[in-house]
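J.: First the structure, which I've put down as structure tokens, then a few questions once you've had a look.
What follows draws every value from the coordinates through simple rules; no lab data is involved. Note that the structure is predicted; figures quoted are calculated from it, not measured. Here Cβ is always computed from backbone atoms with ideal geometry, including for glycine, and neighbour counts include all displayed protein chains.
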Amino acid sequence: MRAIRRTLLTALMTLALAAQLGGCGFQLRGQAQLPFAAAFIDAPAGSNVGNALRLALSEQNKLAERAEGAPVRLRLAGERRDKNILSLSGGGKVREYRLEYRVTVSAHDPIGRELMPPTDLHLLRDFSYNDAQALAKETEEQSLIRAMEQDALRQILRRLSYLKQP
């Protein structure tokens, strides 16, 4: 009898929580709705963000293979990754690093009018370092770099969703 009450109480609490989430307007973040038919991406060879942006646009059938005829032309420039020492221990060993990722993105229409002015995205991540855990810290560094690139991609897509075409 007690197990049935507990199960019933748990079910009612779960239902109440679901009703509250639904009533407050909670909604999972979906893909950004892009206000253009297609876009051509001009990015340096080997650009991870450029490749991810191409993939994201192709999933929405909004990727133009050629610049000619594309209503929007995106340009990624100045993509740069840096790793700087943030702090040292008393013995002169590195204790923390700062990772930086920069990219400049702009958008133009086919006749060269600016749809989005050059926007500099600058992302920072700090992480501690220990020589005894060098392999684990290298893996952490690669993970942080991928996270910064994904964050940059999301920011670019969000900005593109607000483009105003003339």
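J.: List Y101, Y162 from most exposed to least, where exposure is judged by having the fewest other Cβ atoms within 10 Å. Present the calculation step by step, with values, prior to reporting the outcome.
T.: Numbers: Y101 22, Y162 10.
By the 10 Å Cβ count, ascending: Y162, Y101.
J.: Is any helix in the chain, taking whole DSSP H runs, at least 20 angstrom long along its axis by alpha carbon and on average at least 0.5 on the Kyte-Doolittle scale, and which ones?
T.: Passing helices, by number: 2-23.
J.: Restricting to the chain, what percent of DSSP beta bridges are antiparallel, rounded to 5?
T.: Bridges in the chain are about 85 percent antiparallel.
J.: Another question about this same structure. Taking trypsin sites (Lys or Arg not before Pro) as candidate sites, keep only those in a DSSP loop with at most 16 other Cβ atoms within 10 Å, then name the longest stretch of the chain containing none of them. Please list the in-between numbers first.
T.: Numbers: sites that count: R29, R66, K93, R113, K164.
By the stated rule (loop sites, at most 16 other Cβ atoms within 10 Å), 114-163.
J.: Would you work out which of F127, I156, S143 lies farthest towards the positive end of the dipole of segment 119-158? Charges go on Cβ: Lys and Arg +1, Asp and Glu -1.
T.: Toward the positive end, the furthest listed residue is I156.
J.: Please compute the contact order of the chain in relative form: average sequence separation of alpha-carbon pairs under 8 Å and at least six residues apart, divided by the residue count, as a percent. Could the numbers behind the result be given before it?
T.: Working: 228 pairs, mean separation 32.4, N = 166.
Dividing the mean separation by the residue count of the chain yields 20 percent.
J.: At a 10 Å Cβ-Cβ cut-off, how would you order L157, L8, L124, L135, fewest neighbours first?
T.: Working: L157 18, L8 10, L124 13, L135 7.
Listing L157, L8, L124, L135 from fewest to most nearby Cβ atoms yields L135, L8, L124, L157.
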